[in-house]
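Structure record follows, encoded as structure tokens.
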Amino acid sequence: MPALVIDGHPNADSLTAALAQRYADEYGNATRVALRDLDFDPVLRQGYRGQQTLEPDLAATLDAMLSATHITIATPIWWASTPALLKGFFDRILLPKVTYQYRANGLPEGLLRGRSGRVIITSDSPRWLLALIGDPASVQVRKQTLGFCGIRPTSVSRFTDVRHASPARRESWLDRIARDARRDAQRAEHTPSPSGRRPVALVTHEQQGPHPA
């Protein structure tokens, strides 16, 4: 079943980019999108209250997301969060009434349910430090972003202490992410295609209705 792999690193020569590429190659039926190559405004200019039509690159990526049964996000940890490029991508593409909505009782409902996910995390900090501070970037992407939109279960592949990693260790990480990709692809073979997919070429935030904040 098709997968969408989002490379959220601004630098094409980064370990994150290499991991995303290897994952997509090993998964097989995967579309890899490097956000640095897209032509879009990462700033939600009027919040969720005004009109901001999706650029063609974003519309195509959202269409690929709605077509996928598995979504992988590759990101480094910068200042306990993701790069601004990836955060801006989430702000622009995760539209209300397309990827989530609020029920009458005020509780959110993810509209991307039926899809599994994986988060690929790279960090210069050691793993024990991430655990000590609560692993905020992983929680933000896996639970508060993908999970909020209904994508679950979502696995996490962590690659830490990157600045001290030898070339041999980096190669072993590429082999490891390849195994993760093949495992995810095997699981996805038994996943039915998500329902409710529709074209999104000209969707805008305003057309989706007001957001509470």
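None of the figures in this text is laboratory data; all of them are computed from the coordinates on show. All values reported here derive from a predicted model rather than from experimental measurement. Glycine also receives a Cβ, built like all others from the backbone with ideal geometry; neighbour counts cover every protein chain displayed.
The shape of the stretch 99-191 comes out oblate: with a ≥ b ≥ c from the C-alpha gyration tensor, a/c is at least 1.5 while a/b does not beat b/c. Summing charges over neighbours of LEU35, with a neighbour being any other residue whose Cβ is under 10 Å away from its Cβ, gives -2 when K and R count +1 and D and E count -1. Simple point charges give the picture: +1 on the Cβ of Lys and Arg, -1 on the Cβ of Asp and Glu, and for the stretch 3-195 a dipole about the Cα centre of about 660 debye.
Could you compute the net charge surrounding VAL156? Neighbours are other residues with a C-beta less than 9 Å from the C-beta of VAL156; K and R count +1, D and E count -1.
Values: positive: ARG118, ARG142, ARG158; negative: ASP135.
With Lys, Arg at +1 and Asp, Glu at -1, the neighbours total +2.
Sparsely packed loop sites in the stretch 112-177 (the trypsin sites (Lys or Arg not before Pro) outside DSSP H, G, I, E and B with at most 15 other Cβ atoms within 10 Å) comprise ARG113. Centroid-to-centroid, using Cα positions, the stretch 79-131 and the stretch 1-19 are 16 Å apart.
Under the combined filter of DSSP loop state and at most 11 neighbouring Cβ atoms within 10 Å, the stretch 74-157 retains these chymotrypsin sites (Phe, Trp or Tyr not before Pro): TRP79. Of the trypsin sites (Lys or Arg not before Pro) in the stretch 6-109, the ones in a loop by DSSP (not H, G, I, E or B) with at most 10 other beta carbons within 10 Å are ARG103.
Would you please classify the overall shape of the stretch 43-112 from the alpha carbon gyration tensor, given that a ≥ b ≥ c denote the square roots of the eigenvalues, rounded means a/c under 1.5, and beyond that prolate means a/b larger than b/c while oblate covers the rest? The shape class here is rounded. Per-residue ellipticity at 222 nm, computed for the chain from helices alone with -39500 (n - 2.57) per DSSP H run of at least four residues, works out to -10000 deg cm²/dmol.
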